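Peer 1: Just passing along the structure, written as structure tokens.
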Amino acid sequence: MCASVAAVVLVAVLVTSGGGGSVGEPAPPGTVSITRASGPPLEPGEAVPDWSAPALDGSGRIRWSDLVGTPTVLTVWAPWCPHCQAELPRLVQALAQHPRVDLVTISTAVERSTAFTSQGYLDSVGLDIPVAIDDANLTLHEGFGVAGFPTVYFVNADGTVQRYAEGEIGLQPDDSIDPGILEAMLGELEGANPPV
């Protein structure tokens, strides 16, 4: 998407959502860790690297090691990203039909725009989801090989990546959304992880 179109979309989102605010704070130095320094996006079959970061809501830390054992959708997003703003509510709604699949998100690059804070965006759309906050060094962003927002990993219960998607899932060339694509991905993840 060209810069001028992206700017128009972002302004439209800000006007319609009322979620504008001051720039968010990245996590303090030394509070974010990941066992993979950088690289391309994780491929199917690769294990998600162990990581840990402060929770946005101040409740402590979010640790990947606490999440392994359940199929999980892991989304890396930025609060100023219009595609993230559009996709997160759809993802939460779709996951309501898949109660055996968990959701965890990582908000990164928060200091790159004054348009939204992570909490300001969540409040504007009424989302209450687990959010880990990356640091100013983009430690998690780099560790997950993020090249575009959002980056969504569909992770098996054993902690290995089943698939990943970059950008809005189901976005068609005419900017319409095919909700069946996300539903198929979630069904595949849930089906590959039968209850024990």
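Peer 1: For the stretch 144-150, what does the Karplus curve 6.51 cos²θ - 1.76 cosθ + 1.60, with θ = phi - 60°, yield as ³J(HN,Hα) per residue in whole Hz, taken in order and with x for Gly and Pro?
Peer 2: Per residue, the Karplus-derived 3J(HN,Hα) values read 8, x, 5, 10, x, 10, x Hz.
Peer 1: Using C-alpha positions alone, give me the convex hull volume of the stretch 117-196 per residue in cubic angstrom.
Peer 2: Looking at the stretch 117-196, the number lands at 147 Å³ per residue.
Peer 1: What trypsin sites (Lys or Arg not before Pro) in the stretch 63-103 are in a loop by DSSP, with at most 14 other Cβ atoms within 10 Å of the Cβ?
Peer 2: ARG100
Peer 1: Test of understanding: what is the full-extension gain from GLU166 to GLU43, defined as 0.36 nm times their sequence separation minus their Cα-Cα distance?
Peer 2: Fully extending the segment from GLU166 to GLU43 adds 43.1 nm.
Peer 1: Still on this structure: Please get the size of the charge dipole for the chain, origin at its Cα centre, with Cβ charges of +1 on Lys and Arg and -1 on Asp and Glu, quoted in debye to the nearest 20.
Peer 2: 220
Peer 1: Can you name the helices of the chain, as whole DSSP H runs, whose Cα span along the helix axis is 15 Å or more and whose Kyte-Doolittle mean is not below 1.6?
Peer 2: Membrane-span-like by this criterion, though nothing is claimed about a membrane: 3-17.
Peer 1: If you count the DSSP beta bridges with both ends in the chain, what percent of them are antiparallel, to the nearest 5?
Peer 2: About 65 percent, rounded to the nearest 5.
Peer 1: Using only alpha carbon pairs under 8 Å that are at least six residues apart, calculate the relative contact order of the stretch 43-191 and give it in whole percent.
Peer 2: Once divided by the residue count of the stretch 43-191, the mean separation gives 32 percent.
Peer 1: For LEU103, which sequence-distant residues (separation of 5 or more, or a different chain) have an amide H within less than 5 Å of its own amide H, given hydrogens modelled in the peptide plane?
Peer 2: Distant-sequence amide H within range of LEU103: VAL73.
Peer 1: With the chain treated as a Gaussian network of Cα nodes joined by springs under 10 Å, which of THR160, THR105, THR31 yields the largest mean-square fluctuation?
Peer 2: THR31
Peer 1: Right, here's the next one. Hey, got the Cα dimensions of the chain along the principal axes, in Å, largest first?
Peer 2: So the extents along the principal axes, rounded to whole Å, are 47, 42, 29.
No value in this document is a laboratory result; all are computed from the given coordinates. A quick note: this is a predicted structure, and the numbers were derived from the prediction, not measured. For neighbour counting, all protein chains shown are included, and Cβ atoms are generated from backbone atoms with ideal geometry for every residue, glycine included.
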